[in-house]
Amino acid sequence: MRTVGLLLVVITLVLGVAAGYVWMQYRTFLDTPLDIPAGGQVFELDSGASGAAIVHQLADMGLTRPGWEWRLLMRLEPHLYQAGEYQLERGWGPQRVLNKLSSGAVLQYRFTLVEGWTYKQLLAALAEEDILEQELKSDPDGDGSILGETPGSNYPEGWFLPETYQFTRGDSDRDILVRAHKAMQQALADAWESRELGLPLETPYELLILASIIEKETSLDEERAQIAGVFIRRLNKRMRLQTDPTVIYGMGDSFDGDIRRRDLKADTPYNTYTRHGLPPTPIAMPGRASLVAAASLAAGDTLYFVANGKGGHTFSVTLEEHQAAVNKLTGKE
């Protein structure tokens, strides 16, 4: 009996030492960062991937090695993994990695729709985003379903709000357009709701058209209200707007960077030198600031403006003052 008892003690000690060694090995595993390079590593987790598949994927990327330690960790700390792209950072251990892959905090990308872009420029920029699924290439009329019953829905120009939109892998160019369109609808509705009385605008769409012209005339926030004031006073006085950006838009692909006297005389629906009122559609995507400016009645009595050669404009009340500003700009004073 004494021999049996001694044997049990020895077995217990051996098992204890073995268990201690295993536990030390496991603790070392937990405390050892994966071989994630400096700058981090993007890890794309497929939908429905098992824990074993995740470990093998990490191993194939050279970030770890498969082993019983991973299996034990996943048994002791079960996770529900969520598909997507994740940014893994240098210094992260196994627990931090698994927590990340179950967090749903997938990698975010950004697409910036620039104020003053035309719809053509917007589509070109979306087509260059490799991360986005390119649905519009296979559905060139897809913008029609995006606009729906929107006024002017047969012409998408102006209907997408310039902002920065976040997206994840798997999102499409059409998804961005849908979001930008909804954002513009809301921004335009807000501007129209808060508009001042006395504006020569009958519909929100006319406000959108005016805002697009303001957007193309100036990039200076402090000038938007002044530009808007000139155009609103001209509309109220039944004066032609005489704004070059509308003429350029009407020229389309024939515009070579210079606008000539003959271009100002060539009558098109967008030539505000030959026609009264607003052009038939927006000419660009206006930002929020231009929408607000178009909805306001700026104080003042200026009716003219010309570039001052310093990034801004010189505003004038009379044609004589305006001509003097033009002469100064062209060196004819």
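Only the coordinates and a few stated rules stand behind these numbers; no lab work does. The shown structure was predicted, so the numbers you read here are calculated from the model rather than taken from an experiment. Please note: Cβ atoms are built from the backbone with ideal geometry, for glycine as well, and neighbour counts cover all protein chains shown.
Which whole-angstrom value gives the distance between the alpha carbon centres of the stretch 60-112 and the stretch 255-333?
56
What size of dipole, in debye to the nearest 20, comes out for the chain about its Cα centre when the only charges are +1 on Lys and Arg C-beta atoms and -1 on Asp and Glu C-beta atoms?
620
Determine which lysines satisfy two conditions relative to Lys310: a Cα distance under 22 Å, and not lying fewer than 8 residues away in the same chain.
Those lysines meeting the cut-off are Lys216, Lys328, Lys332.
Find out how many positive minus negative residues lie around Glu215, taking Lys and Arg as positive, Asp and Glu as negative, among other residues whose Cβ is under 13 Å from that of Glu215.
On the way: positive: Lys216, Arg224, Arg288; negative: Glu115, Glu157, Glu217, Asp221, Glu223.
Once all neighbours under 13 Å are counted, the net charge is -2.
So, in nm, how far is label Gln95 from label Asp130 when the simple model puts each one 7 Å beyond its Cα toward the Cβ?
Output for this residue pair reads 3.7 nm.
Give, as a single signed number, the net charge of other residues whose beta carbon lies under 11 Å from the beta carbon of Gly170, with Lys and Arg counted +1 and Asp and Glu -1.
Neighbour charge sum, excluding Gly170 itself: -4.
Return the distance in nm (one decimal) between the two label points of a simple spin-label model at Asp253 and Asp301, each offset 7 Å from Cα along Cα→Cβ.
Reported label-point gap for Asp253 and Asp301 is 4.9 nm.
Please list the three semi-axes, largest first and in whole Å, of the ellipsoid equivalent to the chain, using sqrt of 5 times the eigenvalues of its alpha carbon gyration tensor.
67, 20, 18
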